[in-house]
Amino acid sequence: MTILCTLMCVDRGLLDLDAPVAKYWPEFAQEGKENLPVRYILSHTSGLPGWDEKLTIEDYYKWDKVVSSLASQKPWWEPGTKSGYHATTHGYLLGELVRRVTGKSLGTFFREEVTNPLGADFHIGLSEEHDPRVAEMIFPPQMSQST
């Protein structure tokens, strides 16, 4: 759904897949990422599949902290030369681009532009009223709760 929102921004002319991410997110132009194109994020080739900074579970809820960390971080490989699934960073990277070009959080954009018009019960971020519908995540004892 994050990619859908990103591609809606491309379709509307708000994002150019070949433009540097830094055109929309100036703070991203650090550590050799000055010319990294938007398409590298979409294709999991940006070299940012994780964080160098040790994050706690609570940190993942601090949007500005995690996107600032990604913006200031050096890629783990030369962007565009390798692919590696950006499972934990993809939503932050694309979500920040959507936020920068629309002025709305990814969740708000998704709700206003996709789920509300379709009447779909799908969420990126939940309001408190939906808490009873959410399963609690229980980590196995051997798994660290910080990554």
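Read the figures in this text as sums done on the coordinates, not as results from a lab. In this text the structure is predicted, and so the values were computed from the model without any measurement. Backbone-built Cβ (ideal geometry, glycine too); neighbour counts: all protein chains shown.
Among the lysines, select those whose C-alpha is under 22 Å from the C-alpha of K74, and discard any that sit fewer than 8 residues away in the same chain.
K23, K33, K54, K62, K65, K82
Can you name the helices of the chain, as whole DSSP H runs, whose Cα span along the helix axis is 15 Å or more and whose Kyte-Doolittle mean is not below 0.0?
On the way: long enough: 90-102 (18 Å, 0.10).
Membrane-span-like by this criterion, though nothing is claimed about a membrane: 90-102.
Please order T6, T45, T56 by the number of other Cβ within 10 Å, starting at the fewest.
Values: T6 25, T45 22, T56 12.
Result, fewest neighbours first: T56, T45, T6.
Can you put V38, V67, V114 in order, fewest other beta carbons within 10 Å first? Please report the intermediate quantities before stating the final value.
Details: V38 24, V67 21, V114 16.
With the sparsest Cβ surroundings first, the list reads V114, V67, V38.
Report the label-to-label distance for E27 and A87 in nanometres (one decimal), using points 7 Å from each Cα along the Cα→Cβ vector.
With each label point 7 Å from Cα toward Cβ, the separation is 2.7 nm.
Over the chain, consider all pairs of different Cα atoms and compute the Kirkwood hydrodynamic radius from their mean reciprocal separation; express it in Å, one decimal.
Numbers: mean 1/r = 0.0611 Å⁻¹.
Taking the inverse mean of 1/r over all distinct Cα pairs, the chain comes out at 16.4 Å.
Using 7 Å Cα-to-Cβ label points, what is the F139/K62 separation (nm, one decimal)?
1.6
Distances over 21 Å make up what percent of all Cα-Cα pairs in region 74-147? All intermediate terms of the calculation are to be shown ahead of the outcome.
Numbers: 1413 of 2701 pairs.
The proportion of pairs with Cα distances above 21 Å equals 52 percent.
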